[in-house]
Amino acid sequence: MDARHPPTHEPAALPMLIAQVSDLHVCAPGQLANGVVDTNAMARAGLRAVAALQPRPDALLLSGDLVEAGGAASYAHLLELLAPIDLPLYPVAGNHDEREALAEAFGGRAGPHTARLPGFWQYAASLGPLRLLVLDTVVPRQGHGALCARRLDWLDQRLAEDATPTVVAMHHPPFATGIGHMDAMGLLDGAEALEAIVRRHGQVQAILCGHLHRGIQVRFGGTVASVCPSTAHQIALNLLQSSADGYVMEPPAFQLHLWHGGRLVSHTVPIGDFGGTQPFA
C-alpha cells in the first residue's frame with residue numbers, strides 16, 4: 001500500500017497547516033544584505049503576513065539562511081522579528097548560518113523535537129498527523145551542501161522506525177535546477193543516496209527546501225521535492241548554464257503546506273498588499 005495515497009474507505013487524517021519561510025538573510029540592525037537589500041524589513045513584512053494568517057498555521061518551518069552572516073547579533077535580531085509569531089518554530093541550518101550560533105539562539109525557542117544528531121542541526125519532530133525530519137546539509141564556510149553517511153544513516157533509521165506520513169526539510173535542494181551558478185553550489189554530495197532512501201520509504205510526502213530563492217518543484221525518489229521562495233530577493237531566472245549569477249527584486253513569498261484528506265497540498269503566497277479579496281461581479 002502506498003502511504004501517500006491511503007484507500008478512500010479509511011478515515012481522513014486530521015488537517016494540519018505548516019507555514020514555510022526561507023532565506024530571510026536577516027542582518028544585524030541597520031545593515032543591508034549585499035549593501036543593497038533591506039532583508040530585515042522584508043523579513044518583518046513576511047513574518048507579519050504569516051502571523052495574520054487565518055486559519056492559523058500549526059507550525060512555522062524556517063528552511064535555512066535565516067541570517068546573512070551568522071553571529072550572535074544577527075540571530076538576536078532574528079529572534080526579535082520572530083517574537084510576535086506564537087507558533088512552534090522549526091529552524092533549518094543553511095549555508096549562511098552557523099550551526100553553533102543557531103543552536104544557541106533557538107535553544108529555548110525551537111518547537112518540541114527529539115533524536116538530535118550530535119554535531120549537526122538535525123532532528124525529528126511530531127506535528128500531529130505528520131512527522132517532520134530536519135536534515136543538516138551545511139558544509140562549514142562553503143556555499144554548497146552535502147549529506148555524509150552519518151546524516152543519511154540517521155534519516156534511514158528515523159524513517160524505518162516510524163511509518164507516520166513524513167515531511168523532510170533541508171536547505172540545499174537535492175536536484176539540479178538548470179540555474180547553472182546555483183547548481184554549482186547545490187547539494188554536491190549525497191543526493192543519489194538520499195533519493196534511494198526516500199524511494200525505500202513510501203511515507204515521505206515531500207522534501208521541503210530553500211537556498212534557490214525561487215519556487216521550484218520536481219519529482220524525486222517517488223515523492224515531490226519543493227523549493228520555497230525567499231522572503232527577500234529572488235535569484236534571477238536564467239536557465240543558460242553559462243549565465244552570470246544575480247538576483248532580482250521579484251515579489252517575495254512564502255509557502256503553506258496543508259495536510260488534508262491524506263495528501264499534502266502546497267500553496268505559494270506572495271508577500272505584499274494587493275488590495276484584499278474582491279468579490280466576483
>> Taking amide H atoms as placed 1.01 Å from N in the peptide plane, list the residues 5 or more away in sequence, or in a different chain, whose amide H sits under 5 Å from that of L127.
In response: L132
>> What distance in nm lies between label points placed 7 Å from Cα along the C-beta direction at A28 and R200?
In response: 4.6 nm
> If you stretched the chain out fully between Q157 and A115, how much longer would it get, using 0.36 nm times the residue separation minus the C-alpha to C-alpha distance?
Replying inline: 14.1 nm
>> Taking θ = phi - 60°, what integer Hz values does the Karplus form 6.51 cos²θ - 1.76 cosθ + 1.60 yield along segment 82-88, in sequence order, with x for Gly and Pro?
In response: 7, 3, x, 7, 8, 9, x
> Considering segment 1-146, what Rg and Dmax in Å follow from its alpha-carbon atoms?
Replying inline: 16.6, 57
>> If I histogram all Cα-Cα distances within segment 93-218 using bins 10 Å wide from 0, what percent of pairs lands in each bin?
In response: 12, 45, 36, 7
>> Given Cα positions, please report Rg to Rh for segment 144-281, the hydrodynamic radius being the Kirkwood one.
In response: 1.02
> What is the distance, in nm, between label points placed 7 Å from the Cα along the Cα-to-Cβ direction at L240 and at H267?
Replying inline: 3.8 nm
> Karplus couplings for segment 225-230 from phi (6.51 cos²θ - 1.76 cosθ + 1.60, θ = phi - 60°), rounded to Hz, Gly and Pro as x?
Replying inline: 9, 9, 10, 8, x, 7
> Of the beta bridges DSSP finds with both residues in the chain, what % are antiparallel, to the nearest 5?
Replying inline: 55 percent
> In segment 97-168, which trypsin sites (Lys or Arg not before Pro) are in a loop and have at most 11 other Cβ atoms within 10 Å, using DSSP for the loop call?
Replying inline: R141
> How much length, in nm to one decimal, is gained on full extension between E192 and L53, taken as 0.36 nm per residue of separation minus their Cα-Cα distance?
Replying inline: 46.3 nm
> Counting Lys and Arg as +1 and Asp and Glu as -1, what is the net charge of the other residues whose Cβ lies under 14 Å from the Cβ of A149?
Replying inline: -3
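Loop only per DSSP, at most 12 neighbouring Cβ atoms within 10 Å: give me the chymotrypsin sites (Phe, Trp or Tyr not before Pro) in segment 189-281, ordered by residue number.
F274, F280
With a 1.4 Å probe and every protein chain left in place, work out the accessible area per residue of the chain in Å², rounded to a whole number.
That works out to 45 Å² per residue.
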>> For segment 192-267, take the convex hull of the Cα atoms, compute a quarter of its surface area, and give me that in nm², please.
In response: 6.1 nm²
>> Counting just the Cα atoms, what span does the chain cover along each of its three principal axes? Round to the nearest Å and put the largest first.
In response: 54, 53, 43
> What is the local net charge at V168, summed over the other residues whose Cβ is closer than 10 Å to its Cβ (Lys, Arg +1; Asp, Glu -1)?
Replying inline: +2
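Normalising by the residue count of the chain, find the relative contact order in percent from Cα pairs under 8 Å and 6+ residues apart.
Normalised by residue count, the contact order of the chain is 21 percent.
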>> If you roll a 1.4 angstrom probe over the protein chains with everything in place, what fraction of the accessible area of the chain belongs to carbon and sulfur, to the nearest %?
In response: 56 percent
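Note the per residue figure in Å³ for the convex hull of the C-alpha positions in segment 233-281.
159 Å³
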> In nm, what is the difference between 0.36 nm times the number of residues separating R150 and M185 and their Cα-Cα distance?
Replying inline: 10.5 nm
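What percent does the relative contact order of segment 175-281 come to when contacts are Cα pairs within less than 8 Å and at least six residues apart?
Numbers: 164 pairs, mean separation 22.5, N = 107.
Answer for segment 175-281 is 21 percent.
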>> If I take every Cα pair under 8 Å that is 6 or more residues apart in segment 112-221, average their sequence separation and divide by the length, what percent do I get for the relative contact order?
In response: 25 percent
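The values are calculated or read from the model by the stated rules, or taken from the named source; none is laboratory data. A quick note: this is a predicted structure, and the numbers were derived from the prediction, not measured. Positions of Cβ are backbone-derived with ideal geometry, glycine not excepted, and every protein chain shown enters the neighbour counts. In case anyone asks, the SASA skips ligands and DNA or RNA and just uses the protein heavy atoms, side chains included. Shrake-Rupley method; radii C 1.70, N 1.55, O 1.52, S 1.80 Å.
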